[in-house]
Amino acid sequence: MAHYRAPDPKRENFRRYLEKAGVVDSLTSVLVSLYEQPDKPSNALEFVKHHLNSGGQTSADTEALQQEVIDLRQRCARLVEENKDLKSKLQRYEPEDGAAAD
């Protein structure tokens, strides 16, 4: 025979707290993702840790950030080259030995 247990107010308050904080949704999402994996990972705990540590970023967020990093690295490389070119042009007009025409 099943026992009916009246809800404990402390337990209910804690459950509501977790729901409001989004913990229940995050855990549910990670567990559903684990369930839907065609090849189950050998270490389920690591899978859960990894997916919880992602900070809720979607793959679109991650892809956008990765593209931004690529773009910024390319821009940095172009600016380094431009800086080298400008320094070499400057050297033609102002040699370092201090022999400037007066």
(request) Kindly establish whether residue 49 is open to solvent by 50 Å² or more (accessible area, probe 1.4 Å), part of a helix (DSSP H, G or I) and of a type in the set (D, E, K, R). (result) yes
(message) Between 86, 79, 31, which is touching a helix residue (DSSP H, G or I) at 6+ places or on another chain (Cβ under 8 Å), open to solvent by 80 Å² or more (accessible area, probe 1.4 Å) and either of a type in the set (Ser, Thr, Tyr) or in a helix (DSSP H, G or I) (or both)?
(response) 31
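The values are calculated or read from the model by the stated rules, or taken from the named source; none is laboratory data. Note that this is a predicted model, so its numbers are computed, not measured. Neighbour counts run over all protein chains shown; Cβ positions are idealised from the backbone, glycine included. The accessibility values were calculated without ligands, DNA or RNA, using every heavy atom of the protein model including side chains. Shrake-Rupley method; radii C 1.70, N 1.55, O 1.52, S 1.80 Å.
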